[in-house]
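Notes follow once the structure below has been shown.
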Amino acid sequence: MDLINEVAIYVGTVIIKHVPGTHWKVWPNGHPVIQLPIGKTLDMTRMTGDRLSHAGPTLETMFSMARSF
């Protein structure tokens with residue numbers, strides 16, 4: 001689980017640095033997500049966990065998702 005969190009933080013930070021208007025948001029339960037300018041959120045921990053288990057989107061797809069909104 002620590003690896004998933006570390007990768008999620010890294011990928012999320014890369015997205016925030018390269019997609020204007022995005023920022024970290026913390027849900028009421030304490031779970032961090034990325035808030036996109038349109039109001040949609042991306043759960044980087046879930047997406048990264050899915051990717052590391054070979055069932056989720058690639059890193060390129062995650063970045064493209066963030067940029068497309």
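The values are calculated or read from the model by the stated rules, or taken from the named source; none is laboratory data. All figures in this text were calculated on a predicted structure; none of them were measured in a lab. Here Cβ is always computed from backbone atoms with ideal geometry, including for glycine, and neighbour counts include all displayed protein chains. For accessibility, only protein heavy atoms count, side chains too; no ligands or nucleic acids. Shrake-Rupley method; radii C 1.70, N 1.55, O 1.52, S 1.80 Å.
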- Query: Among the residues of segment 21-41, is there at least one that is in contact with a His (Cβ under 7 Å, 6 or more places away or on another chain) and either open to solvent by 50 Å² or more (accessible area, probe 1.4 Å) or outside any loop (DSSP other than H, G, I, E, B) (or both)?
  - Reply: yes
- Task: May I ask you to list the residues in segment 1-20 that are surrounded by fewer than 16 Cβ atoms within 10 Å (Cβ to Cβ) and not in a helix (DSSP H, G or I)?
- Result: Met1, Pro20
- Query: If you scan segment 42-69, which residues turn out to be open to solvent by less than 80 Å² (accessible area, probe 1.4 Å) and part of a loop (DSSP other than H, G, I, E, B)?
  - Reply: Asp43, Ser53, Gly56, Pro57, Thr58
